[in-house]
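As structure tokens, the structure follows; a few thoughts come after it.
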Amino acid sequence: MSALHEELAAVLADMPNEQRVKVAGRDFWVGHWQGHAVVAVLSRIGKVAAATTATVMLERFGVGALVFTGVAGGLGPQVRVGDVVVANGLVQHDMDASPLFPRHEVPLYGRAVFDSDAHLSGALATAAQQVLQVPERHLGSATLAQFHLHAPQVHRGLLVSGDRFVSTTAESEALRSALPTALAVEMEGAAVAQVCLDYGVPFAAVRTISDRADDTAHTDFNRFIAQVASRYSHAILSQWLAQRPAPGVRLT
């Protein structure tokens with residue numbers, strides 16, 4: 001799953017035999033990649049859209065694992081533009097049912113943090129580290145220089161989601177104050193993690209840092225996605241699938 005078309009385009013280009021199935025106004029692309037049965041879909045932006053898409057993936061297509069890829073704004077002090085964050089846990093930063101429940105806790109779940117699947121996330125982190133060891137192989141030296149990317153790193157930790165595009169220093173500082181361990185912020189992951197918990201299906205999220213979610217946020221967001229994030233996502237997923245055990249599980 002990806003929220004933006006540019007993030008999914010490189011994946012679809014590697015699925016030459018895919019079939020399009022339309023459900024709930026969305027195009028689900030069913031095919032094979034690296035010898036594995038795969039379903040790829042554009043979730044659209046925001047938590048509700050992502051939750052709807054995830055539910056269809058699980059109910060209609062019966063996927064055995066679900067991976068969300070895309071971009072995020074960096075929050076952790078060590079997280080730089082061009083780095084990759086693999087979530088260990090996800091929180092809805094705009095969830096606040098206080099005083100009935102603690103801030104960020106999802107009512108009736110007894111938790112604020114929804115864990116990603118440890119094995120799946122670990123395999124994706126390994127694939128990301130392998131890809132980022134030689135980033136110019138996937139991006140080219142000119143692109144690395146253009147976006148001032150130097151020695152990109154893989155981070156693992158907390159990813160926070162909310163229905164707000166965070167792009168000011170005041171907003172990012174408020175998030176760091178409320179959730180000091182958060183590495184990055186985006187708009188879909190925690191909702192999908194909650195759906196996957198409901199269904200007992202492994203979930204992982206891999207996000208490329210496009211900006212620092214502050215007043216210096218990337219001015220050419222779409223170009224960064226097309227030239228950097230989509231290529232990272234494609235390379236990481238391809239590497240992960242190539243190393244995955246024998247086929248038998250449908251994936252996203």
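The figures follow:
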{"read-out": "Paramagnetic reach from E59 (point 7 Å along Cα→Cβ, amide N under 16 Å) across region 22-43", "value": "22-28"}
{"read-out": "In Å, descending, principal axis extents of the Cα set of region 1-137", "value": "52, 39, 26"}
{"read-out": "P(r), alpha carbons of region 49-130 - 5 Å bins starting at zero, rounded %", "value": "3, 11, 16, 19, 22, 17, 9, 3, 0, 0"}
{"read-out": "Relative contact order [Cα under 8 Å, 6+ residues apart], the chain, whole percent", "value": "33 percent"}
{"read-out": "Pairwise FRET efficiency - Q129 versus A9, Cβ, R0 = 22 Å, nearest 0.05", "value": "0.35"}
{"read-out": "Three-way shape label, region 65-243, alpha-carbon gyration tensor, a/c 1.5", "value": "oblate"}
{"read-out": "Förster radius 25 Å - calculated FRET efficiency between R111 and Y199 (Cβ-Cβ, nearest 0.05)", "value": "0.95"}
{"read-out": "Counting DSSP beta bridges with both ends in the chain, the antiparallel % (nearest 5)", "value": "45 percent"}
{"read-out": "Ranked list, fewest to most other Cβ atoms within 10 Å of each Cβ, for L100, L237", "value": "L100, L237"}
{"read-out": "Region 9-82 - Rg (one decimal) and Dmax (whole number), Cα, Å", "value": "14.3, 43"}
{"read-out": "Packing-based exposure ordering (other Cβ within 10 Å, fewest first) of L149, L183, L42", "value": "L149, L42, L183"}
{"read-out": "Centroid-to-centroid separation of region 1-57 and region 160-217 [C-alpha atoms, Å]", "value": "21 Å"}
{"read-out": "Burial ordering of S230, S172, S43, fewest other beta-carbon atoms within 10 Å first", "value": "S172, S230, S43"}
{"read-out": "At R0 = 35 Å, FRET efficiency that the Cβ-Cβ distance of Q34 and T181 yields, to 0.05", "value": "0.55"}
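FYI, it's all coordinate maths here, none of it is from the lab. Quantities reported herein were computed from a predicted structural model and do not represent experimental measurements. Here the Cβ is made from the backbone with ideal geometry for all residues, glycine too, and neighbour counts use every protein chain on show.
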